[in-house]
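Worksheet for the structure shown next.
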Amino acid sequence: MHCFLVTGASGVVGGALVPVLLQQPATRVLVLLRPRGEQTVAARLEQLKNFWRNHYPGLPPSALDQRLTALTGDISAPGLGLSSEDTAEVIAHCTHLVHCAASVRLNQPLPAARAAAVAPTAAVIALARRCTRLCKVEFVSTVGVGGRWGAALPERWLHETRVFHNTYEQAKAEAEALIEAAIAQGLPASVHRPSMVVGDSRTGVTPHFQIFQFLCEFLSGRQTCGLTPQLGQAQLDIVPNDYVAAAIAAVALTPDSVGQIFHLCAGPQHALALKALQRTVRTRFRREGRLGAWPLLRLPSSWFLRLMRWLAPLLPPARRRALDTLPVYLDYLGSRQVFENGHSQARLQALGVRLPDTHTTLARALDYYFAVTRR
């Protein structure tokens, strides 16, 4: 029997991965969870089970009760915050470790970003080296490790000096350097670099709304009284979480994938032009009755940011806080973001994993967002 330890099981990637793993009858899954406020780990696990029961009807009913276990831990703590008993269980039984826990805040101070990305990666590596039945480790990174690459990001280890858009990218790049060194020392591991992960390509389902939904609100003009920056030729690369999950699960069971990097993204041919995305988003928001009478007015980015700073004191606190992060996202979207994925797609297709249509993924993601926020 395979036994997986998954970090980030409550996240956008991990929340899609656990059902995929449990659909394999000879697989047991351990998920690392921490208490949240007054909510215990047991309560969080039950909440996750309800989510999976409701949204993954193909999951065997017994799988969640008989082959899923929650371990109390914290990726930011030494040894992942595991008790000595739970550490011993992982060491004795786990055949696979999947590290997909992450903080996607782009504007953290660098020490905080490193604490969320580099230190947990080092802890997972240390734990994996102690596992007596280890077969593979899967690390979820990001295409953002290329920073301001300027060309299509290649599907390989990156040793070139880079300039990053934000501390999130820099910390994830530093974490990848640790992984590469560990692989050179014999750790059987692969790296997965997703682009912006959205909901399931078939249903739009996602455990959380993150950057993508914020960007849709922003591109619609709903949050900025119809004002948006000029978008130029920029693109947004999105990928559904069911594709990312299927890729990780397939690669984990492929021994000859050790040392390989997989770009889990739409790629140059299927990334969405922001201008076209904006038209689609505005059409959907208008159909939902969520746009006021504001016409769309595109301004140079510098003018737009200056005007937003002037308008901010007049806005409600929640909207003002959202606008505070706009400079970070505008910087990210304002540069050329293209990621090669030809080799990754070929390898994954050989494993039976195919990239869903990007426009269908977008439509389902918006469907789910409107359905949930409508309630």
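Values computed for the structure shown
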quantity	calculated
Proximal charge balance of ALA63 [Cβ under 12 Å; K/R count +1, D/E count -1]	+3
Longest exposed-site-free window of the chain, the sites being GluC sites (Glu not before Pro) in a DSSP loop that have at most 12 other C-beta atoms within 10 Å	161-375
Kirkwood hydrodynamic radius (C-alpha pairs) into Stokes-Einstein, the stretch 100-259, 10 °C and 1.306 mPa s, D in µm²/s	91 µm²/s
Residue order, fewest to most beta carbons within 10 Å, for CYS135, CYS216	CYS135, CYS216
Estimated FRET transfer efficiency when R0 is 45 angstrom, pair ALA181-ALA42 (beta carbons, to 0.05)	0.75
Radius of gyration, Dmax [the stretch 267-360; alpha carbons; angstrom]	18.2, 55
For the stretch 312-320, 3J(HN,Hα) per residue [Karplus equation, 6.51 cos²θ - 1.76 cosθ + 1.60, θ = phi - 60°, Hz, x = Gly/Pro]	3, x, 8, 9, x, x, 5, 5, 5
Amide H within-cut-off set for LEU299, under 5 Å, with H built and near neighbours excluded	THR228, GLN230
Read-out percent of Cα pairs over 35 Å apart, derived from the coordinates shown; its label in (1) 36; (2) 42; (3) 24	(3)
Amide H partners (placed H, <5 Å) of VAL338, local residues excluded	LEU153
MRE, 222 nm, helices only [DSSP H, n ≥ 4, -39500 (n - 2.57), over the chain, to nearest 500]	-14000 deg cm²/dmol
Whole-number D in µm²/s for the stretch 45-93 (Stokes-Einstein; Kirkwood sum over Cα pairs; 20 °C, 1.002 mPa s)	170 µm²/s
Net charge of neighbours whose Cβ lies under 14 Å from the Cβ of GLY15, counting Lys and Arg as +1 and Asp and Glu as -1	+1
Label-point separation in nm, ASP324 to SER84, each point 7 Å along Cα→Cβ	4.3 nm
Extension gain from ALA77 to ALA276, taking 0.36 nm per residue of separation minus the Cα-Cα distance	67.3 nm
√(5λ) per eigenvalue of the Cα gyration tensor, the stretch 4-44, largest first, Å	21, 11, 8
For PHE262, residues with placed amide H under 5 Å, excluding near neighbours	VAL191, HIS192, ARG193
Using a Förster distance of 56 Å, the FRET efficiency for THR283-THR132 (Cβ separation, nearest 0.05)	0.50
Restricting the stretch 117-152 to trypsin sites (Lys or Arg not before Pro) in coil, as DSSP defines it, with at most 16 other Cβ within 10 Å	ARG133, ARG148
Debye log10 I(q)/I(0) at q = 0.19, 0.21, 0.23 Å⁻¹ for the stretch 55-167, Cα point scatterers	-1.11, -1.20, -1.29
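No value in this document is a laboratory result; all are computed from the given coordinates. Just so you know, these numbers come straight off a predicted model, no measurement behind them. Here Cβ is always computed from backbone atoms with ideal geometry, including for glycine, and neighbour counts include all displayed protein chains.
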